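First comes the structure, then the notes that go with it.
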Amino acid sequence: MTIRLLSGGAANGLVSTIEPDFLAETGMGITGEFGPVGIMRDRVEKGEHVDVLVLTRKIIDQFAADGVVRSQSVQDVGSVATSIAVRDGAESVDVSTPDALRTALLAASAIYFPDPEKATAGIHFAGVLSKLGIDGEVADRLELHPSGQHAMAAMAAEGDARSIGCTQVTEILNTEGVRYVDELPEGCDLKTTYTAAVCTRSEAMREAERLVSMLTGPENESRRSEAGFK
């Protein structure tokens, strides 16, 4: 038997580091699926059986109000910044101000980011391009992918030294072949709180509660920090 987890892509790396300890303690593995929070929300709303959710605070709060998750189990994992990445070996880029970010994006050969309709970072970054007034100029260089993890993996595999990626810092740090540059600058920034909770229909309630505790508690604070959570 395994614990079923649906999560935003932001928690993928963290769950991977915790899983061996969880298995050793409970004897249960974790069957985790990670992707845009909008897609994960839709799957839960359609009745998919899940034990633990890690989604944005707003979605979890609504699920608690609707009785989908146990309100007493709700705990924040941490905050994640939407950030900029380049390929390993590429020169860094200045994204310290909105003007600097605009210049860097206009100079990019390709811009990799996640689904602008379902992914938290993708929705936000599409808005940033519009806010900077360059959405039309860079439209033919946009490389859209189902999730931030997919976008970063694609940039690592097929991008070049002038490619730029944007997604949540946790997905950047969890992808080989890309390098974190910086958070989006003030005025373009986004920090998203991710929250874990146990589903009311879980058939492994004790183990699900333990997983939430491991994801959010002080025993794994250093792992959360290393994964990009604050």
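The values are calculated or read from the model by the stated rules, or taken from the named source; none is laboratory data. Computed from a predicted structure; not experimentally measured. A quick note on method: Cβ atoms are made from the backbone with ideal geometry, for glycine too, and the neighbour counts reach across all protein chains shown.
Okay, here's what the table says:
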read-out: Among residues of the stretch 177-211, those that are under 17 Å from the mean Cα position of the chain (by Cα) and either free of Cβ contacts under 8 Å to residues at least 40 places away in the same chain or assigned to a helix (DSSP H, G or I) (or both), counted; value: 0
read-out: Elements of type strands (runs of 3 or more DSSP E) contained in the stretch 1-106, each with 2 or more residues being farther than 19 Å from residue 165 by Cα and free of Cβ contacts under 8 Å to residues at least 40 places away in the same chain; value: 29-35
read-out: Test result for residue 220, closer than 20 Å to residue 56 by Cα and at pLDDT below 95; value: no
read-out: Among (1) loosely packed, with under 14 Cβ neighbours inside 10 Å; (2) of a type in the set (Lys, Arg); (3) closer than 23 Å to residue 181 by Cα - the single one residue 141 does not satisfy; value: (1)
read-out: Count of the stretch 84-126 residues which are under 15 Å from residue 188 (Cβ atoms) and charged (D, E, K, R); value: 3
read-out: One residue from 176, 203, 209 being of a type outside the set (Lys, Arg) and assigned by TED's automatic domain parsing to the domain that holds residue 97; value: 176
read-out: Output for the stretch 20-49, where each listed residue is under 19 Å from the mean Cα position of the chain (by Cα) and not small (Gly, Ala, Ser); value: 30, 31, 33, 34, 36, 37, 39, 40, 41, 42, 43, 44
read-out: Filtered residues of the stretch 109-138 (kept if buried (at least 20 other Cβ atoms within 10 Å of the Cβ) and not in a helix (DSSP H, G or I)); value: 111, 112, 113, 114, 115, 119
